[in-house]
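Let me begin by presenting the structure, written as structure tokens, before commenting on it.
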Amino acid sequence: MAAISARLRDLLGRGRRVAALTGAGISAESGVPTFRSPGGFWDNESLLDLATPQGFARDPRRVWAWYDARRRQVSGCAPNAGHLALASFGRNHPDFRLITQNVDGLHAAAGSAGVILLHGDLFRVRCTEEGTSREDRRVPLPEIPPRCACGALLRPDVVWFGEVLPEGAMQEATGAARRSKVFLSIGTSALVYPAAALPELAKRHGAYLVEINVEETPLSPLADELILGPAAGVLPDLLGT
Ligand code: OAD
């Protein structure tokens, strides 16, 4: 079992305000591949082709074929003990704020309410003309690329490289980071900004910064505590569920 300090257990036990930022690593044990690990989604080419507005403009069918496959894969995955521990902690601590870079919906499926979605939602589509967004959970999609009732192309309602984060989400996340007394950075490579700035911000405002990951990251030197281990193993122990 991963080592957890008495100080951290004490801080959590005293009900100090907690915020958490999760990344792809928390869903790894649910069977969702991460982005940057071997066998993950991204190499340089796929990133530019599949996760930029330019890639979508060049070949919407290719981008949608990939997202359709990803939606299919994720819809067959269930939340793991890490997602469930965070959901249960949130129910017992109304101050707790959960911020995620993930688009897989597994925090909500685990029962977490009010999750701050920094990078959008894999199961929402957005009209490229009207800008309106709606839920669409159909897998597979009946038409690739899908179209809006107005005739325009739909796009996945996710944030691509070079795009601005959803209005309000980053503001909520920075507020939560600033107010937190304990900040947990869980299963993220801490490479993609602005999300990666949140742990640094929390620490600057006095939070005890904890990183939970299977390996060290660029954030590790800044962390007050690094807990090396899989999130699904560490979080139930840490959060007492
Ligand atoms: P990455 O794939 O960059 O990093 C996943 C992290 O999870 C790595 O640091 C792994 O060591 C760690 N990890 C793997 N398995 C784990 C486990 N079982 N328990 C704990 N940690 C584990 O994913 P993100 O940091 O989430 O953005 O990537 C950030 C963003 O880059 C994503 O939201 C996505 C991507 O491009 C968009 O699509 C906009």
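Summary of values
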item	result
Residue-averaged 222 nm ellipticity for the chain, from DSSP H runs of 4+ at -39500 (n - 2.57), nearest 500	-10000 deg cm²/dmol
Farthest toward positive dipole pole in the chain [+1 Lys/Arg, -1 Asp/Glu at C-beta], among Gly175, Ala81, Gly13	Gly13
Whole-number percent relative contact order across the chain, with pairs defined as alpha carbons under 8 Å at least 6 apart	25
Candidates His205, His107, His83, ranked by Gaussian network fluctuation over the chain, Cα under 10 Å, top entry	His205
Evaluated at q = 0.14, 0.24, 0.29 Å⁻¹: base-10 log I(q)/I(0), Debye formula over Cα of the stretch 4-53	-0.59, -0.91, -1.04
Fully extended contour minus Cα-Cα distance, from Arg72 to Glu163, at 0.36 nm per residue	30.3 nm
The stretch 186-226 - percent relative contact order, Cα under 8 Å, separation 6 or more	43
Relative contact order computed over the stretch 33-111 (Cα-Cα under 8 Å; 6+ residues apart), in percent	20
Cleavage-rule hits (GluC sites (Glu not before Pro)) in the stretch 105-149: DSSP loop, at most 14 neighbouring Cβ within 10 angstrom	Glu129, Glu130, Glu143
As computed over the stretch 95-241, the Cα convex hull volume per residue (Å³)	134
Test item: Cα-centred dipole of the stretch 136-241, Lys/Arg +1 and Asp/Glu -1 on Cβ, debye	320
Projected area, mean over directions - the stretch 68-123, Cα convex hull, nm²	3.7
Charge dipole (debye, nearest 20) of the chain; +1 at Cβ of Lys and Arg, -1 at Cβ of Asp and Glu	560
Trypsin sites (Lys or Arg not before Pro) restricted to the stretch 136-197 and DSSP loop, no more than 14 other C-beta within 10 Å	Arg137, Arg138
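Rule-based calculations on the coordinates, nothing more; no lab input. Just so it is clear, the model here is predicted, and its values are computed rather than measured. Reconstructed Cβ throughout: ideal geometry from the backbone, glycine too, with neighbour counts over all protein chains shown.
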